[in-house]
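Before any comments, here is the structure.
The values are calculated or read from the model by the stated rules, or taken from the named source; none is laboratory data. All figures in this text were calculated on a predicted structure; none of them were measured in a lab. Here Cβ is always computed from backbone atoms with ideal geometry, including for glycine, and neighbour counts include all displayed protein chains. Accessible surface areas use protein heavy atoms only, side chains included; no ligands, DNA or RNA. Shrake-Rupley method; radii C 1.70, N 1.55, O 1.52, S 1.80 Å.
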Amino acid sequence: MSTNTDLVTVDHLIVGAGFGGLCAAIKLDEDGERDFVVIERGNDVGGTWRDNTYPGAACDVPSQLYSYSFAPNSEWSMSFSPQPEIHDYIRQVARHYGVRDRMVFNTTVTGADWDEATQRWLVTTTSAEGQTTYAARTFIVGPGPLSEPKLPAIDGLEDFEGEVFHSARWNHDVDLTGKRVAVIGTGASAIQIVPEIQPVAGHLDVYQRTAPWVIPRNEHRYSGLEKLAFRRVPGLQKAARLAIYWGREAYVPAFAWQPKLAAPAKQLALRNIRKGIKDPELRAKVTPDYEIGCKRILISNRYYPALDADNTELVTDPIARVTPTGIVTADGTEREIDVLIVATGFEATDIPIAHHVRGRGGESMADRFKRTGAAAYKGSTVPGFPNLFFVIGPNTGLGHSSMVFIIESQVQYLRDAIRTMRVNDFGTVEPTEDAFREWNAVLQKQLARSVWSTGGCASWYLDEEGRNTTLWPSFTFLFRHLLHTFDVDRYVVTAPATKELVSA
Ligand code: N01
């Protein structure tokens, strides 16, 4: 890193210190690419696992798989570990690999402009101390697709006079004991929150717009002996991870081609309803009317019993407005509350950072995405945005397996790109429009016949045009294979710039 009065120059700038950005930092360091900085708007590593501290937060992908392949953890307490443990794991990994010294916390990227003359990204960051501009050859974008809470457009929400907060910004100062609480939303976050707060709340209203499919959670607490075996028996933990991996891949045909293959999962979910709820009217209300898998399949043994509890009401009438003291539904009923918890998800399809990134010719990535939908080549690179690499880019999300697997695949791709640039002395690499178009045409064709398009539901996987810009529609081993080597023949490359960076 070198600094003049106006600019800090680095080889690589990484945005985000969650699973994605941290993996990129560790692997670049390993490659000897040590001149990088990680810009993180939070005060710690961990991304979504730092931000989502709501009661009951846990991963619904088994921890043996939801961890880095190069940093196995024999100490997971449960098969689906809780958020504090996952956050601790990420912290430990960051410390162990010695990359924290290049992380800049409490700092937000407010602009990123491609400078053609110097072939650098000029990335402006803002913090309490002021503004800094970095000039980076490579711009690695890993802010996470589920980092910006989405507030619902409901009349009167801002006039509510009680406590109100989003699930991803939990207010731990609010004591829910004995309070009248409302939860808006019944997605992955809400179904983890509801069983935790129902026993303490005086009364709980759960506002459901669309019923989710919820299968049982086969939770397993690891014994001391199992942990010891993971530590001592060579290959055992790897074998456990592999077994989970292949079990998860077996879901792909049902999602991608033939929803009928998910019939056993549907039966499990229906049995979960019958087991968890006695009231036939409530059973009917929570039974989805679309194909399982169309929205994310949720896992819980405790959600339905919490809905069936005496102090809970599941409200399915649409919300008309929020008043200073409660929520009014379309039938005119007002339910008074003290606390409103908004579990309405994230800005997933309108990628927030795209509004701040301007590529060749000054076009913002958000404007490009208005034309093409959020889309990239191999989920990683975008024409017009040289030397920019996404980690968890468009169409890299999963409904069935671990995002850490995807992250490692994308980081492998960008490492190979950087290596290729060094070896060949390239100034820039940028995918061709043909490569971009062909990749996305195939993806969209596959997605059109997937359960996410044909299953009869709306979901955060789809953008306003109904286009799926979030999910990878196939096996993850195929994704890894396709990103194993940087395919320079699908890129426009240029020689290094001759112009030096100058201070203004
Ligand atoms: O958000 P969601 P989430 N009026 O978008 C409802 C990951 N995750 O935070 O279905 C009324 O899924 C909306 O209703 P509908 C995981 O990938 C993982 O729960 O759109 N309701 C829905 O019920 C997950 O998929 C874990 O009709 C409104 C809910 O709000 C993703 O994060 C845990 C509304 C939003 O559900 C997002 O999950 C938690 C309105 N105006 C999250 N607007 C793990 O365990 C929205 N809703 C790893």
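Listed by first and then second residue, the pairs linking a residue in region 232-245 that is within 16 Å of Met78 (Cα to Cα) to a residue that is open to solvent by 40 Å² or more (accessible area, probe 1.4 Å), with Cβ atoms under 7 Å apart and 6 or more places separating them unless they lie on different chains, are Gln237/Pro72. The condition (being more than 22 Å from Ile299 (Cβ to Cβ) and open to solvent by less than 20 Å² (accessible area, probe 1.4 Å)) is satisfied by just one residue among Ile39, Ile86: Ile39. All of (1) surrounded by 15 or more Cβ atoms within 10 Å (Cβ to Cβ); (2) part of a loop (DSSP other than H, G, I, E, B); (3) not polar (S, T, N, Q) hold for Trp49 with one exception: (2).
When the strands (runs of 3 or more DSSP E) confined to region 240-357 are screened for residues that are open to solvent by less than 70 Å² (accessible area, probe 1.4 Å) and over 30 Å from Phe369 (Cα atoms), those reaching at least 2 such residues are found at 312-315, 319-322, 326-329, 339-342.
Looking at the structure I just gave you, is Ala136 more than 30 Å from Lys275 (Cα to Cα), touching a Phe, Trp or Tyr at 6+ places or on another chain (Cβ under 8 Å), open to solvent by less than 50 Å² (accessible area, probe 1.4 Å) and not assigned by TED's automatic domain parsing to the domain that holds Glu313? Yes; evaluated as a whole, the condition is true for this residue. Scanning region 159-169 for residues that are away from the ligand (no atom under 14 Å from the Cβ) and open to solvent by 80 Å² or more (accessible area, probe 1.4 Å) yields Asp159, Glu161, Glu163.
Residue pairs whose Cβ atoms lie under 7 Å apart, sitting 6 or more positions apart in sequence or on different chains, and linking a residue in region 437-457 that is among the charged types (D, E, K, R) to a partner that is more than 16 Å from the ligand (Cβ to nearest atom) and not in a helix (DSSP H, G or I), are Arg449/Trp257. Taking (1) surrounded by 16 or more Cβ atoms within 10 Å (Cβ to Cβ); (2) in contact with a strand residue (DSSP E or B) (Cβ under 8 Å, 6 or more places away or on another chain) in turn, Ser459 satisfies each apart from (2). Lys370 falls short on exactly one of the conditions (1) closer than 23 Å to Lys150 by Cα; (2) open to solvent by 40 Å² or more (accessible area, probe 1.4 Å); (3) assigned to a loop (DSSP other than H, G, I, E, B); (4) of a type outside the set (Gly, Ala, Ser), and that condition is (3).
Across region 418-440, not a single residue is classified as at negative phi and within 16 Å of the ligand (Cβ to nearest atom). Run Gly393 past the list (1) touching a Phe, Trp or Tyr at 6+ places or on another chain (Cβ under 8 Å); (2) under 30 Å from Ser69 (Cα atoms) and report the number of the one that doesn't hold. For Gly393, the failing item is (1).
The set of residues in region 355-372 being at pLDDT 95 or above and within 23 Å of Leu482 (Cβ to Cβ) consists of Met365, Arg368, Phe369. Would you check if Arg248 is touching a Leu at 6+ places or on another chain (Cβ under 6 Å) and either farther than 21 Å from Cys457 by Cβ or within 13 Å of the ligand (Cβ to nearest atom) (or both)? Here the answer is no, as Arg248 does not meet what is asked. Of note, Phe230 does not satisfy the criterion of being within 15 Å of the ligand (Cβ to nearest atom) and crowded, with 17+ Cβ neighbours inside 10 Å.
One residue stands out in region 214-227 among those that are in contact (Cβ under 8 Å) with a residue 60 or more places away in the chain and more than 30 Å from Thr287 (Cβ to Cβ): the one that is surrounded by the most Cβ atoms within 10 Å (Cβ to Cβ), namely Tyr222.
Among the residues of region 141-154, those identified as of a type outside the set (Lys, Arg) and within 16 Å of the ligand (Cβ to nearest atom) are Pro143, Gly144, Pro145, Leu146, Ser147, Glu148, Pro149, Leu151, Pro152, Ala153, Ile154.
Among the residues of region 170-212, what is the count of those that are assigned to a loop (DSSP other than H, G, I, E, B) and either within 25 Å of the chain's Cα centre (by Cα) or within 10 Å of the ligand (Cβ to nearest atom) (or both)? Let's see the steps before the verdict.
Taking region 170-212 as the starting set, the residues that turn out to be assigned to a loop (DSSP other than H, G, I, E, B) are 170-179, 185-187, 198-202, 208-212.
Then keep just the ones that are either within 25 Å of the chain's Cα centre (by Cα) or within 10 Å of the ligand (Cβ to nearest atom) (or both); that gives 170-172, 185-187, 208-212.
Residues that pass the stated criteria total 11.
Out of Thr138, Thr118, Thr132, Thr126, one residue alone is within 18 Å of His355 (Cβ to Cβ), away from the ligand (no atom under 16 Å from the Cβ) and of a type in the set (Ser, Thr, Tyr). It is Thr126. Picking from residues in region 116-143 that are in contact with a helix residue (DSSP H, G or I) (Cβ under 6 Å, 6 or more places away or on another chain) and in a loop (DSSP other than H, G, I, E, B), the one that is farthest from Asn387 (Cα to Cα) is Pro143.
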